[in-house]
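As structure tokens, the structure follows; a few thoughts come after it.
None of the figures in this text is laboratory data; all of them are computed from the coordinates on show. If you're wondering where the values come from, they're calculated on a predicted model, not measured in any experiment. Cβ: placed from backbone, ideal geometry, glycine included. Neighbour counts: every protein chain shown.
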Amino acid sequence: MKYHELIKDFLKESDRNSILDWIANNPFLDDDENQKKGFASTYKKDELPDWLNSFKDEKYNIYNFIGFFTFVGGFIEPHTDHDLFSYVKRKIDPSFIIGFPETIVYYADVCENMVGGNLIVDDKEITPVTNSAVYLEKNKVHSVTEVKSFDRERIVLVCEKYFLIESYYNKLVTPIHRYG
């Protein structure tokens, strides 16, 4: 696996279609302030639906997925991925021991006529295509340029992969499903 490289044909078509259906029909799908609509779902390794098994890695035992649609005007400021880390510290226990995740950004559906919406990592601009993915190491700052136009919304699934030691792994009650 290489970081910051676009990997095409990432999933088999049946898994891609399951992800598209899961995101489009998710009961937790909600609007955010940056022209996106999304949700988050967290699973322990043995709870993953079969069609998410391609995201498994022997080094990790917790998987936090953020599914979203991006609309015209949508962008993401420079940031590091740590959605579950922040949630656990704010909502469960501030003393909970959890590190930052490695991330896979999976592009389930990308309009071939989309202008903007490129991933920026280390001053490198990556133009996504349907059924492609990019791996990001822990604590990697990245951003997404503004979407200027398209013929259909982009559908993305971000997978944050965490490793929790056994005592904290057992304390985390999953699955966890959240809006936005």
Worksheet item: Between segment 66-99 and segment 114-180, how many Å separate their Cα centres?
Response: 10 Å
Worksheet item: If you place +1 on the Cβ of every Lys and Arg, -1 on the Cβ of every Asp and Glu, and leave all else neutral, what size is the dipole of segment 13-179 about its Cα centre, to the nearest 20 Debye?
Response: 440 debye
Worksheet item: Nearest 10 degrees, 0 to 90: what angle lies between the long axis of helix 13-24 and the longest principal axis of the chain (Cα atoms)?
Response: 80 degrees
Item to complete: Please label the shape of segment 1-110 as rounded, prolate or oblate, based on the square roots a ≥ b ≥ c of the eigenvalues of the alpha-carbon gyration tensor (a/c under 1.5 means rounded; beyond that, a/b larger than b/c means prolate, else oblate).
Response: rounded
Fill in: aspartates and glutamates whose Cα lies under 13 Å from that of residue 56, excluding same-chain neighbours fewer than 8 positions away
46, 47, 102, 160
Discussion item. Quick check on the chain: helices-only [θ] at 222 nm, where DSSP H runs of length 4 and up contribute -39,500 (n - 2.57) each and the sum goes over total residues. Nearest 500, please.
Written reply: -3500 deg cm²/dmol
Worksheet item: Which whole-number percent is the relative contact order of segment 13-179 (Cα, under 8 Å, 6+ apart)?
Response: 32 percent
Discussion item. Sorted from largest to smallest, which semi-axis lengths in Å does the alpha carbon gyration tensor of segment 13-179 give for its equivalent ellipsoid, taking the root of 5 times each eigenvalue?
Written reply: 26, 17, 15
